[in-house]
Structure formats: C-alpha cells, structure tokens
Amino acid sequence: MFQVLTGTSVAGNNGWLTTDVVSGVPQRSPAWGAYSGSWPAQKRSSFEAQSLHLPSSNEYRLEPSWFGGGARKRAAQRGRCPNCYSPQQTTRQSPRCAVSDETYMDRCIQLALMARPSPNPPVGCVVVDPDTGRIVGEGFHPRAGYPHAEQYALQATFTTLRNASSHQNQHLAATVSEPVAALPGSARGMHVYVTLEPCNHYGRTPPCTESLIQAQVSRVVIGTRDPDPRTAGSGAERLRRAGIEVQFGPRAAECLKLYEGFQHRIHHQTPLGILKYAMSLDGKIATETGDARWVSSATSRRYVHELRARCDAVVVGAGTVRRDDPALTVRLEESIDVPELGYGQPLRVVMCTSAARLWRDRPDAKLWDTSVAPTVLAVSSAGEVSSSKELDAAEREAILALRSRGVQIAYLDALLPLPPTRALMQWLYDYGCTTVLWECGGTLATSAVRESAVHKILVFVAPKLVGGRSSPTPIAADLGVRNMEEALALRLGRMEVIGSGQDVLIEAYLDSNKLSPDAASGTT
Ligand SMILES: NC(=O)c1ccc[n+]([C@@H]2O[C@H](COP(=O)([O-])OP(=O)(O)OC[C@H]3O[C@@H](n4cnc5c(N)ncnc54)[C@H](OP(=O)(O)O)[C@@H]3O)[C@@H](O)[C@H]2O)c1
C-alpha cells in the first residue's frame, strides 16, 4: 500500500503541511523525498516558489560556496532573474523563454542539496507543465533505499494534475495501491528536469527510465551523466529509444560539482577526502600557545558549517581534541536534523594512537556526547604499540568507558597493510561515506596528504599575521620534499573572496583526483 499525501498551503502558515487522508489532520508526510510537506519548516518553500523564477536568494545560500556564480545570486537578490537578469516574470511565462532550462535545473540542484543519500548520489527533480511553465511536481532522493527523486516528482505531479483537473483549489489527498509512476500516462506530455541521468537498472527500486516512459513524459533535461557504469549513458539512450526528447547540459558544471564525491567513490572505491583549514597570511593555523579561535571570520565559519552539512564524516586528530575540544557538529540557524531519516549530523571521527591517553586527557570531550551526533574513535597503533600490561588495561578501560557513551571504536590496524589514514578512508567507504572532511591539525594532515587520503584542499586564508617560529602550520611534518621542484603540485580549482573581504577561500586538487570533464557533457 502506497499512500500519497499532497502538499497543501495552509492559510496563515507560511510552510507546507500534509493532510491526513482519513482524519484530515495536518501532519508531516511519510513521502520524505516529495516536495510536499517533506522538509522542516525552515527549508520549505512557499507555494509561490513553484513559479518559474527560482530560487529565492536566501534559499540559495549554498550557491556561492559550492558553485560560484555570485552574479546570479546578486541578480536574484535584486529581484531579477538569475539567468537573464531581467525583472522577475509571472508564473504564466512560457517555459521556452531563454532562461527556463537553467532556472528549472537550479531548482533541481536546490532540491538535491536537501538530500542525504550516501552512498547514493543526491538527486533533485522537477516536473514542468510545458503549457504553463509551472512546476507541477518536485522531489529529491532523501536516503539510500528510499524511492528516487524522479519517483517522488512523478508522484507529486500525479496528485497536482489530478487535483487541478477535478478539485481546483481544494487540498486533497490521494491514496493509490501502486506507486503512481507505474500508472501509464500519469505525467503525459510533461517536461522533466533532473540533476543526474535517470537510472536504468534494478536496485532497491525499479529503474527511473521505466517510470518516466510509463508516465509518458515528452522531454527529459539532464544535468550530468551518471558515472555509475550500470547507467552511464544507457538511461538517456533508453529514453530516446522510447521517443522522449533528451537533452544534457544546463548547469552541467554545477551538477558535476554536486557529484564530485559520488564520482570519486565510484571511480576510486574510496570517499572523496577534503582537507580544510584556516590559516593566517603567514601560514599559521594557530598561535604559539596553540590558540586557534578564531583564525577565520564568522562568515567563513558559517561556510564551514554548510560544508560539514554536505559531508558524511568529519575527521580530526587527538591533538585537536586535546587543544580545542571541538564539537564538530553542524550549527546553522536552520535545523538539518530529520531524526526519522537518521541523517542530519555527519559522523565525527577522532584518530588517535592511544584511546587511554586521549580518555585520560579529555574525559569530558564534547565528542563523547553521542546524543548530539555519532562519534567514532579510530585507533591506530601507528608504530606505537605499547608492551606495558598496565597501559593495555588502561586501554581496555578507556574503550569500555567510551563504548558505554555510545562511541564506536574502529581498529585501523585490522586494515593493514593500508597506512592508517587510508585504512580510515577504507573503513568510511565501507560505512557508506561519499565525502569526508579532514578538519585536523598539521600532524594528521601531513599523514593524510602523504598517504593519499586527501584529494582536495580548501583553505580559508585570513588577512592576519600570527608569527612565531613554533606556531602550528597546516602541514606540520615532512612530505619528503627536498628541492622546490619536488613540491606537490596542486591543480587550482577556484578562489573566492568571502564576505566583504574578510577571508579568501582557495580550492585546490591533488593530482590523484582529476575529474573527467567528459562526464559532464553526457551523450548529446
Ligand atoms: N586553523 C585550523 O584550521 C586548525 C584546524 C585543526 C587544528 N588546529 C590547531 O592545530 C593544533 C593541533 O595540531 P595537531 O597536529 O596536534 O592536531 P591533529 O593533527 O588533529 O592531531 C594529532 C594527533 O592525531 C593522532 N594521529 C596523528 N596521526 C595519526 C595516525 N596516523 N594514526 C592515528 N593517530 C594519529 C595523534 O594522536 P595520539 O596522541 O593519540 O598519538 C597525534 O598526536 C591546535 O592548536 C589546533 O587549534 C587548527
């Protein structure tokens, strides 16, 4: 039995609620990926947001940090179309206007950013009525094992169209015995926009290509090709063979960025490792006393919280826990927690060589409070195995105490001969992670870079001078570089001035992570 609840704009309520079929009582929808009623109030859009010109500037806060394009954001802030910069149009505008495909794809990206489906890719989808230009259904893939974005969007479309034809302006709920995507012609003639090529294989859910063909949509616009070899081009091909117009490309670069971690996971069988740190203009990540609060500005720190929210795990070393006692949680004004879905906060990971030492030094660490977010203590002997019986007993005691607080223990030595940081990435890959954020100090960062656990670096450079011969630096130990020509050469990604010039954000890739530009272009 598959229950579909339609989203209803409740008078006087700026958000979305669903109405229970039987009781008529407003409630949260079980169809989590569906646009209607599926997201906490802070993230919901108003009914008007379904019009052509999306997104509104505050909903698109993630854009500058992830996709660049400050000009589009500024245009949106001035009430202008983020594509052609003309004044905003009404919902009656033709979808074939010069801006439509990109704008609908922007909305898909926005929806995809709400998803937490690792190890699956985050996908957003909208269905558009080509006669009115109006979005009639939206969805995102909320979590692995749940239906895909296309399924939710088709379901929402079915409900919208049904209500529009027979019960205009009424807030209805429909109950059907099958997923509506299986109903032939449920979205006949509609245009579908989706960030990733629709899947073409049976997994935990049936292929989305089949659902789209069944629903009789007439056009599918795809952000980027699926790197998963089970689909990789065959999804688009199958749609074309069924007579559906298929087009790749609007916002291809942005969509490719969205799948950076997923693509890395598929191609390299390891999560994408991002090393992030904040440093002064003279290259220091803390003062000589170890104080690092704060190197970068409040605006940059907000970026970091948004970045964390997009990652599956955050890693630090025991040194950072001893010195800073970080919480490593995502702290934004709007909640990202949806406990029913089990996502929200990323996994917090501490690497150490001795649980006993860390427990002795920090019995009250914030990371041991697992009621706010899960924590893993990754223990690696890293050549420091103690033969002392006393320490062994202390180690056991510490581990028991940590376990009783809900901390999970990962023994990295079990993954030998992998070096410790790679062993951790292997462990996190098996756990289902796609993107891992390394927020450690220079000691662990050196190991992670040397051992190829890091593929991309994000540096916030603050216009400050700290000085001090012994002030910590981002890469604290030897990388084996003797001559300047042996220095690790990185590929520069992008640079961005944060806020009104508080910091500069630099993105760079280590050579092992060359993203294939072909993947974005698909098979047009
Ligand atoms: N500005 C920034 O962005 C930023 C970010 C983070 C930290 N910091 C600053 O950096 C300083 C701390 O630096 P740090 O280098 O000590 O921190 P760290 O790199 O986070 O932690 C180092 C510790 O991690 C453990 N470790 C390292 N490599 C390991 C391996 N291969 N396997 C297992 N465990 C391993 C060791 O702990 P054991 O003791 O168990 O051997 C080591 O002492 C603080 O002042 C902090 O404020 C600044």
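Being among the β-branched types (Val, Ile, Thr), under 30 Å from the mean Cα position of the chain (by Cα) and in a loop (DSSP other than H, G, I, E, B) is the filter here; which residues of the range 346-379 pass it? Residues satisfying the conditions are 370, 372.
Against the list (1) under 30 Å from residue 501 (Cβ atoms); (2) among the hydroxyl-bearing types (Ser, Thr, Tyr); (3) in contact with a helix residue (DSSP H, G or I) (Cβ under 6 Å, 6 or more places away or on another chain), the condition residue 209 fails is (1).
Residue 177 meets each of the listed conditions (1) farther than 26 Å from residue 262 by Cβ; (2) polar (S, T, N, Q); (3) at pLDDT 85 or above; (4) out of contact with any Leu (no Cβ under 7 Å at 6 or more places or on another chain) apart from (3).
Each row is one residue, and each column tells you yes or no for (1) hydrophobic (A, V, I, L, M, F, W, C); (2) modelled with pLDDT under 95; (3) part of a helix (DSSP H, G or I).
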residue: 410; (1), (2), (3): yes, no, no
residue: 413; (1), (2), (3): no, yes, yes
residue: 429; (1), (2), (3): no, no, yes
residue: 444; (1), (2), (3): yes, no, yes
residue: 457; (1), (2), (3): yes, no, no
residue: 472; (1), (2), (3): no, no, no
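Condition first: surrounded by fewer than 24 Cβ atoms within 10 Å (Cβ to Cβ) and under 20 Å from residue 106 (Cβ atoms). Now tell me which residues in the range 117-132 satisfy that. 129, 130, 132 - these are the residues of the range 117-132 that are surrounded by fewer than 24 Cβ atoms within 10 Å (Cβ to Cβ) and under 20 Å from residue 106 (Cβ atoms). With respect to being more than 16 Å from the ligand (Cβ to nearest atom) and either surrounded by fewer than 20 Cβ atoms within 10 Å (Cβ to Cβ) or modelled with pLDDT of 95 or more (or both), residue 298 falls outside the description.
I'd like to know if the range 463-470 contains one or more residues that are within 9 Å of the ligand (Cβ to nearest atom), assigned to a loop (DSSP other than H, G, I, E, B), surrounded by fewer than 20 Cβ atoms within 10 Å (Cβ to Cβ) and assigned by TED's automatic domain parsing to the domain that holds residue 290. No; the residues of the range 463-470 include none that is within 9 Å of the ligand (Cβ to nearest atom), assigned to a loop (DSSP other than H, G, I, E, B), surrounded by fewer than 20 Cβ atoms within 10 Å (Cβ to Cβ) and assigned by TED's automatic domain parsing to the domain that holds residue 290. Against the criterion of being among the charged types (D, E, K, R), free of Cβ contacts under 8 Å to residues at least 60 places away in the same chain and either crowded, with 22+ Cβ neighbours inside 10 Å or not in a strand (DSSP E or B) (or both), residue 230 qualifies.
Here the range 115-138 is the region considered, the condition is being in contact with a helix residue (DSSP H, G or I) (Cβ under 6 Å, 6 or more places away or on another chain) and assigned to a loop (DSSP other than H, G, I, E, B), and the residue that is nearest to residue 158 (Cα to Cα) is 123.
Could you look through the range 383-394, keep only residues that are within 16 Å of the ligand (Cβ to nearest atom) and farther than 18 Å from residue 416 by Cβ, and pick out the one that is modelled with the highest pLDDT? Before the answer, list the steps.
So in the range 383-394, the residues within 16 Å of the ligand (Cβ to nearest atom) come out as 383-386, 388, 391-392, 394.
From the residues that got through so far, the ones that are farther than 18 Å from residue 416 by Cβ too are 388, 391-392, 394.
Working: 388: 54, 391: 60, 392: 85, 394: 91.
This residue is 394.
Return yes or no: is residue 406 more than 24 Å from residue 453 (Cβ to Cβ) and at pLDDT below 90? Against the criterion (more than 24 Å from residue 453 (Cβ to Cβ) and at pLDDT below 90), residue 406 does not qualify. Looking only at residues of the range 431-457 that are of a type outside the set (A, V, I, L, M, F, W, C) and under 18 Å from the mean Cα position of the chain (by Cα), we find that the one that is nearest to residue 475 (Cα to Cα) is 439.
Looking at residue 453, is it within 13 Å of the ligand (Cβ to nearest atom), touching a residue at least 12 places away in the same chain (Cβ under 8 Å) and touching a Cys at 6+ places or on another chain (Cβ under 9 Å)?
Values: within 13 Å of the ligand (Cβ to nearest atom): yes; touching a residue at least 12 places away in the same chain (Cβ under 8 Å): yes; touching a Cys at 6+ places or on another chain (Cβ under 9 Å): no.
No: the conditions fail for residue 453.
Residues that are surrounded by fewer than 19 Cβ atoms within 10 Å (Cβ to Cβ), under 27 Å from the mean Cα position of the chain (by Cα) and of a type in the set (Ser, Thr, Tyr) within the range 408-428 are absent altogether.
The values are calculated or read from the model by the stated rules, or taken from the named source; none is laboratory data. Please read these numbers as outputs of a predicted model, since none were measured by experiment. Glycine gets a Cβ as well: all are built from the backbone with ideal geometry, and neighbour counts include every protein chain shown.
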